[in-house]
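Trainee: The structure's right below; bear with me while I get my questions together.
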Amino acid sequence: MTTEARDLSEYRQMEESVTLSEESFVEGDRELLTLNIGPHHPATHGVLRLVVTLDGEIIRDVSPVIGYLHTGIEKTAEVKSYWKAIPVIERMDYLAYYFNGMGYCGAVEKLLGIEVPKRAQYLRVIHLELNRIMSHLVWLGTSALDLGAISVWWYCFREREQLLDLFEMSSGQRMHTRYVQIGGVAEEIPRGWEEKVREFLAIMPERADVYGDLLNKNEIFLQRMRGVCPMGAEELRQLGVTGPLLRASGDPWDLRKAMPYSSYEDFEFKIPIGTQGDNYDRYAVRLAEIKESVKIVEQALDGLPEGPYITEDRKVALPPRHELATSMEALIHHFKLVTEGMRVPEGEVYNAIEGPRGEYGVFIRSDGSSKPARVHMRDPSFVNLQATPALVEGHLLADMIATLAVMDPVIGGVDR
Amino acid sequence: MPDAAGLEKLAAAIGPETVLGTVHTDCRSEISVRPEAVVSVLAKLRAAGYGDLRSVHGLDYFPEEPRLCVKYEMLSRELLDRVSVSVRVPVDDPRVPSVTPDWPTANWPEREAFDMFGIVFEGHPDLRRILMPEDYEGHPQRRDFPIGGEPVIFTHNESSVPGWFA
């Protein structure tokens, strides 16, 4: 009995003395193992494949292999008229559909040179920020799930469900809503929607605190996050990383503040930044962003101006339904828009907005016809994912899973 | 984006021997340069305050010549401004120097432009296909590549589609 107890404590001592991450690696000293993770692996958040070279548990090399979800959306958009391309473009980053639509429609509006009514801009902001909260909730739930904290997932998806119901109420769809239109938004918000949103806004900050309470004092979570895979702002900037990942390193770059679009200059909000640039900061920045988004939506609802929800330029936006029965001109406009679509003047444009993962930039080349000659999405997931090798090399395999989860790549956006 | 005068000033700073032209519209300022000079042009823009490369993407101007084009979307965080650089290369000799050694963010976007348009970035550390399969033939985003050029594979025809089933 006593010997057994002594043996056990000796074993514990030996176990504690092993610190793999600090062991030095001598070339040729031991065998390297190449491990394939994915493309079908729950920890890779979609069909991402990682070829990892391991020395024990330490990652010496990682090469991401992408393209398993390539659907040729940019090519498909070239054979669709401008407004019929919105649904396919929304399906790129499937957690940020309002952002995809907003980036694309904003670009077309710049080419057309049309003014978006103030009310439409506010409605866009409300939906964009609700979408940002939704995306962060999915990220938080799945990331915590990767670290074994399953209960957070249930709570996050409870709130997400509420948001999707709001989207369904305002546009008829839970996902891929096609709510943002060229020149404005698709529909007026229905009666009772504002009250529902306010109900949600009243509980959301409290719920965000609940997630914080669940995770911030969780010893396992803290050990997996604090000080894991840090990176400085300058290196991230060189790699083109944007969004919460960059802000977690203390770089307060946010397009909503720096180069405002869609009336973001009307709202007061803060940009949360981190100090260490480790996984914990990346988590904390996003959690704080949820609360800032709530503030923006509140202000936008309070200040929601009266007026049209879409531009009254009949060459761009469909006429109201009731006009079709009485006005010949409205009928012609409707017919032209539905069959041929709008003609966009020749030119090129790059329009960038701040999404939940960073800069969504849409490049469009118009050749003067009713179909775009080229659509390119600068998707933040695609660019941010390049930083994976630099972030995780020299760290433990388990930390790579945590870091990948915290980076929040959406493979639909990576592969497009 | 810089106004028309600012764009000309920027173009003059880059040097008239490398600049082929400037485009200034309501929504875009673009400098087109000689392909072989693109690395030094981006370095000069970095010195002028445009310190971030946001996007690199290919383009096909079919049927205009030279057909292929690479766009570099630059951002200045100090001036809160954007400017674009464009290089055009013919389709039978589509070589552009890679900017990846100076701008690590260009790595995957250049691979994508190679994959989709067949533009060869000389000096790129790892120029392979990125989105399409490694053994894929053709560059699908060229304008003369047909949409629907790829047969849709079902269980009933998978053995008859060439290159797919054994």
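Trainee: Any chance you could count how many residues in the range A:232-277 are buried (at least 17 other Cβ atoms within 10 Å of the Cβ) and part of a helix (DSSP H, G or I)?
Mentor: Within the range A:232-277, residues that are buried (at least 17 other Cβ atoms within 10 Å of the Cβ) and part of a helix (DSSP H, G or I) number 11.
Trainee: Which residue out of A:201, A:236, A:215 is touching a residue at least 12 places away in the same chain (Cβ under 8 Å), touching a helix residue (DSSP H, G or I) at 6+ places or on another chain (Cβ under 9 Å) and farther than 30 Å from residue A:391 by Cβ?
Mentor: A:201
Trainee: Of a type in the set (A, V, I, L, M, F, W, C), in a helix (DSSP H, G or I), surrounded by fewer than 23 Cβ atoms within 10 Å (Cβ to Cβ) and facing chain B (nearest Cβ under 10 Å): which single residue out of A:373, A:390, A:330 fits that description?
Mentor: A:390
Trainee: Tally the residues that are under 27 Å from residue A:98 (Cβ atoms) and either at pLDDT below 90 or under 18 Å from the mean Cα position of the chain (by Cα) (or both), restricting the search to the range A:370-402.
Mentor: Within the range A:370-402, residues that are under 27 Å from residue A:98 (Cβ atoms) and either at pLDDT below 90 or under 18 Å from the mean Cα position of the chain (by Cα) (or both) number 13.
Trainee: Looking only at the range A:393-416, which residues are assigned to a helix (DSSP H, G or I) and within 14 Å of chain B (Cβ to nearest Cβ)?
Mentor: Answer for the range A:393-416, where residues must be assigned to a helix (DSSP H, G or I) and within 14 Å of chain B (Cβ to nearest Cβ): A:411, A:412, A:413, A:414, A:415.
Trainee: Then there is this: Are there any helices (runs of 4 or more DSSP H) wholly within the range A:149-230 with 2 or more residues that are crowded, with 18+ Cβ neighbours inside 10 Å and of a type in the set (D, E, K, R), and if so which?
Mentor: Counting at least 2 such residues, we get A:150-171.
Trainee: Out of B:44, B:71, report the one residue that is at pLDDT 90 or above and touching a His at 6+ places or on another chain (Cβ under 7 Å).
Mentor: Checking each option against the conditions leaves just B:71.
Trainee: Let me spell it out: the conditions are (1) in a helix (DSSP H, G or I); (2) within 14 Å of another protein chain (Cβ to nearest Cβ); (3) free of Cβ contacts under 8 Å to residues at least 40 places away in the same chain, and residue A:292 meets all of them except one. Which number is the exception?
Mentor: For residue A:292, the exception is condition (2).
Trainee: Determine whether residue A:359 is surrounded by fewer than 23 Cβ atoms within 10 Å (Cβ to Cβ) and not hydrophobic (A, V, I, L, M, F, W, C).
Mentor: no
Trainee: Identify all residues within the range A:333-360 that are farther than 30 Å from residue A:409 by Cβ and within 14 Å of chain B (Cβ to nearest Cβ); write none if there are none.
Mentor: Within the range A:333-360, A:344, A:345, A:346, A:347 qualify.
Trainee: Return the residue satisfying two criteria in turn: it lies in the range B:15-37 and is of a type in the set (A, V, I, L, M) and surrounded by 21 or more Cβ atoms within 10 Å (Cβ to Cβ), and of such residues it is nearest to the other protein chains (Cβ to nearest Cβ).
Mentor: Of everything passing the filter in the range B:15-37, B:31 is nearest to the other protein chains (Cβ to nearest Cβ).
Trainee: If residue B:57 satisfies all but one of (1) at the interface with another protein chain (Cβ under 10 Å from one of its Cβ atoms); (2) in a loop (DSSP other than H, G, I, E, B); (3) not hydroxyl-bearing (Ser, Thr, Tyr), what's the number of the condition it fails?
Mentor: The number of the failed condition is (2).
Trainee: Right, another one. Just to be sure before I move on: is residue A:115 of a type in the set (D, E, K, R) and away from chain B (no Cβ under 14 Å) in the structure I sent?
Mentor: Judged against the criteria, residue A:115 is not a match.
Trainee: Give the residues of the range B:61-82 that are in a loop (DSSP other than H, G, I, E, B), facing chain A (nearest Cβ under 8 Å) and in contact with a strand residue (DSSP E or B) (Cβ under 7 Å, 6 or more places away or on another chain), sorted by residue number.
Mentor: B:77
Trainee: If a residue counts only when it is crowded, with 17+ Cβ neighbours inside 10 Å and not hydrophobic (A, V, I, L, M, F, W, C), which helices (runs of 4 or more DSSP H) contained entirely in the range A:42-130 have at least 3 such residues?
Mentor: Answer list for the range A:42-130: A:97-112.
Trainee: All but one of (1) surrounded by fewer than 22 Cβ atoms within 10 Å (Cβ to Cβ); (2) touching a helix residue (DSSP H, G or I) at 6+ places or on another chain (Cβ under 7 Å) hold for residue B:72; state the number of the condition that does not hold.
Mentor: (1)
Trainee: I need the full set of residues from the range B:98-141 which are farther than 20 Å from residue A:239 by Cβ, touching a residue at least 60 places away in the same chain (Cβ under 8 Å) and either of a type outside the set (Val, Ile, Thr) or not in a loop (DSSP other than H, G, I, E, B) (or both), in order please.
Mentor: Answer for the range B:98-141, where residues must be farther than 20 Å from residue A:239 by Cβ, touching a residue at least 60 places away in the same chain (Cβ under 8 Å) and either of a type outside the set (Val, Ile, Thr) or not in a loop (DSSP other than H, G, I, E, B) (or both): just B:141.
Trainee: Another question, then. Those residues that are surrounded by 14 or more Cβ atoms within 10 Å (Cβ to Cβ), more than 14 Å from the chain's Cα centre (by Cα) and facing chain A (nearest Cβ under 9 Å), I need them from the range B:104-143; list them, please.
Mentor: Once the filter is applied, which keeps residues that are surrounded by 14 or more Cβ atoms within 10 Å (Cβ to Cβ), more than 14 Å from the chain's Cα centre (by Cα) and facing chain A (nearest Cβ under 9 Å), the range B:104-143 yields B:104, B:129, B:130, B:131, B:132, B:140, B:143.
Trainee: A further question on this structure: I'm told residue A:365 meets every condition in (1) modelled with pLDDT of 90 or more; (2) at the interface with another protein chain (Cβ under 10 Å from one of its Cβ atoms); (3) buried (at least 23 other Cβ atoms within 10 Å of the Cβ) except one. Can you identify the failing condition by its number?
Mentor: So the condition that residue A:365 fails would be (3).
The values are calculated or read from the model by the stated rules, or taken from the named source; none is laboratory data. Remember, predicted model here, so these are calculated numbers, not experimental data. We place every Cβ from the backbone using ideal geometry, glycine too, and count neighbours over all the protein chains shown.
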